[in-house]
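Chemist: Have a look at this one.
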Amino acid sequence: MKKWVPDYANQDATKHSSGWVVTETGFVYAFLSRWHSNKFFIDIKINGKPVATGYGEAKSATNAMIANTSGTFPVAAGDTVTFNYNGSTSITNGEGIFFIPGRWV
């Protein structure tokens, strides 16, 4: 029985940002990393549903902490990939989405 798997050798070099609408069926590698000086959460979402979550809690306002989350996820053309940081989707660094075509093996 054949399986549909990521073709990492042909991963797209274009880095997309939050809110990207996928143009073809395959996979995406998404990563998100943020520093904060309080309690915070980060999410990677596909079509509004969380697929990966991270959480951080700094010990003090001067002792920032980092949270990271990432993964490779199946997507279909038309899916929207977004990031969420403490309720905001406006993230300007520490993020990226790369398309990976699929192949049958």
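Chemist: Starting from the Cα-Cα distance between Ser33 and Lys49, subtract it from 0.36 nm times their residue separation and give me the gain in nm to one decimal. Write out the running numbers ahead of the final one.
Modeler: Numbers: separation 16, 0.36 × 16 = 5.76 nm, distance 1.86 nm.
Separation in residues times 0.36 nm, less the Cα-Cα distance, equals 3.9 nm.
Chemist: Quick one: if the Förster radius is 25 Å, what FRET efficiency do Asp79 and Tyr8 give, using the C-beta to C-beta distance and rounding to 0.05? The partial results should precede the final answer.
Modeler: Numbers: r = 19 Å, r/R0 = 0.78.
Using R0 = 25 Å, I get an efficiency of 0.80.
Chemist: Could you tally the net charge around Asp43, taking each other residue with its Cβ under 12 Å from the Cβ of Asp43, Lys/Arg +1 and Asp/Glu -1?
Modeler: On the way: positive: Arg34, Lys45, Lys49; negative: Glu95.
With Lys, Arg at +1 and Asp, Glu at -1, the net is +2.
Chemist: Among 42-49, 6-13, what's the highest-first ranking by average C-beta atoms within 10 angstrom per residue?
Modeler: Values: 42-49: 16.8, 6-13: 12.9.
Going from most to least packed, we get 42-49, 6-13.
Chemist: Further, regarding this structure: For the ranges 23-29, 99-105, what's the packing order if you count other beta-carbon atoms within 10 Å of each residue, average per peptide, and put the highest first? Mind dumping the intermediate values first?
Modeler: Details: 23-29: 17.4, 99-105: 14.9.
Highest mean packing first, the order is 23-29, 99-105.
Chemist: May I pose another question? Mind checking which lysines have their Cα closer than 22 Å to the Cα of Lys15? Skip sequence neighbours fewer than 8 apart in that chain.
Modeler: Lys45, Lys49
Readers should treat all values here as calculations from the given coordinates under stated rules, not as data from a laboratory. These numbers were taken from a predicted model, which means no experiment stands behind them. Reconstructed Cβ throughout: ideal geometry from the backbone, glycine too, with neighbour counts over all protein chains shown.
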